[in-house]
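What follows is a single structure, written as structure tokens, with notes after it.
Laboratory data are not the source of any read-out in this text; all were calculated from the coordinates shown. Here the structure is a predicted model, which is why all the values come from computation and not from measurement. With ideal geometry, Cβ positions are generated from the backbone for all residues, glycine too; neighbour counts draw on all protein chains shown.
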Amino acid sequence: MKVAVIMGSISDMPVMQEAIDILNGFDIETEVDIVSAHRTPEKLVEYSKNAHLRGISVIIAGAGGAAHLPGMVASMSPLPVIGVPVKSINSIDGWDSILSILQMPGGVPVATVALNGAKNAGILAAQIVGTQDKCVLDKIILYKEGLKNSVNKSSENLKK
């Protein structure tokens, strides 16, 4: 199973790299590309309609500003889409991106994470893959156990 990580512009890469890194940590194959909803609409249509035919299981789509990429992909793909609102240079504190991705019409869902929340998008994609891949599920369980241990250790250190 593969997860696609797409973004509207190369300027989104520093944010989206966190999703790629977490997926690599779970040994999930990734496909990374730039697909602009506004500058390459033909590529967007082809990518969205055919990703499942290439073995993609989940699409993570990050975009800033008007942030139409996740919603447009979700409108044409049968796959689950996770939207990452990206705070871009011309952004209105990221709210334009958040609302563009979050406020999808009924029938066209996009799971939306926090502003610049690509790490959580990667974890959510891994959890979706983990429903069908026990090896990935086991890695997620260990990851979450590590989070718990980290908090417990911090708590103990605080009390010293």
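If you go through segment 1-59 and keep only what is out of contact with any Ser or Thr (no Cβ under 6 Å at 6 or more places or on another chain), over 27 Å from Lys134 (Cα atoms) and of a type in the set (Gly, Ala, Ser), you end up with Ser9, Ser11, Ser36, Ala37.
Criterion applied to Glu29, Glu46 was being over 15 Å from the mean Cα position of the chain (by Cα) and surrounded by fewer than 18 Cβ atoms within 10 Å (Cβ to Cβ), and the one residue passing it is Glu46. Evaluated against (1) out of contact with any strand residue (DSSP E or B) (no Cβ under 9 Å at 6 or more places or on another chain); (2) over 22 Å from Gly25 (Cβ atoms), Lys119 falls short on exactly one condition, (2). Residues in segment 49-77 that are farther than 20 Å from Ser91 by Cβ and surrounded by fewer than 19 Cβ atoms within 10 Å (Cβ to Cβ): Lys49, Asn50, His52, Leu53, Arg54, Gly55, Ser75, Met76.
In the condition set (1) among the hydrophobic types (A, V, I, L, M, F, W, C); (2) over 13 Å from the mean Cα position of the chain (by Cα); (3) farther than 15 Å from Pro70 by Cβ, Leu99 is compliant with all but (3).
Scanning segment 105-118 finds one or more residues that are buried (at least 19 other Cβ atoms within 10 Å of the Cβ) and assigned to a helix (DSSP H, G or I). The criterion of at least 1 residues that are of a type in the set (Gly, Ala, Ser) is met, among strands (runs of 3 or more DSSP E) falling completely within segment 19-99, by 56-64, 81-86.
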